[in-house]
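Engineer: Sharing a structure, written as structure tokens. Questions coming.
The values are calculated or read from the model by the stated rules, or taken from the named source; none is laboratory data. Remember, predicted model here, so these are calculated numbers, not experimental data. Positions of Cβ are generated from backbone atoms using ideal geometry, with glycine treated the same way; all protein chains shown enter the neighbour counts.
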């Protein structure tokens, strides 16, 4: 199978179901940004050598690939059976957040990203996740999208914030609180 099909040379692409749309369609932008998020998670996984979190990040990448397939389905074409994102997926993220938070000092202010390269990558991943969430919300304003995708992305960005704090602890770097100068 060749990787190039030449069907997108005119600036359009196919959704799952066959409908063709412009490559700048909000649906394509949403799952294109999701692809970027999945890639940043791969980079994060490659720089954080803790097996537990590496396996968790692979699971998250899998769930995001599932979200991408749900976003790539045109909802108008033939009925295609796709995997399902569920409340169990959100619950798993919440349990991971709670577990990490139980060992972290209480947060008293915003923190400035940085302190270690891996922590910074985690913050970049968090901000890309927030962008994906905004794009999916924009798409939902125009087309039918299951709310669970938005909930999962919202919880996932929280997860990355707490993971960045966990990483700061693991790497023994200080979190720099943001103290606004008024």
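Engineer: Provide a single number: the residues in region 123-154 that are outside any helix (DSSP H, G or I) and touching a helix residue (DSSP H, G or I) at 6+ places or on another chain (Cβ under 8 Å).
Structural biologist: Selection size over region 123-154: 3.
Engineer: Another question about this same structure. Any idea which of 120, 168, 157, 164 is more than 20 Å from the chain's Cα centre (by Cα), surrounded by 13 or more Cβ atoms within 10 Å (Cβ to Cβ) and assigned to a helix (DSSP H, G or I)?
Structural biologist: 168
Engineer: Only one residue in 44, 85, 57 is modelled with pLDDT of 80 or more, within 23 Å of residue 147 (Cα to Cα) and outside any loop (DSSP other than H, G, I, E, B), so which one is that?
Structural biologist: On inspection, the qualifying residue turns out to be 57.
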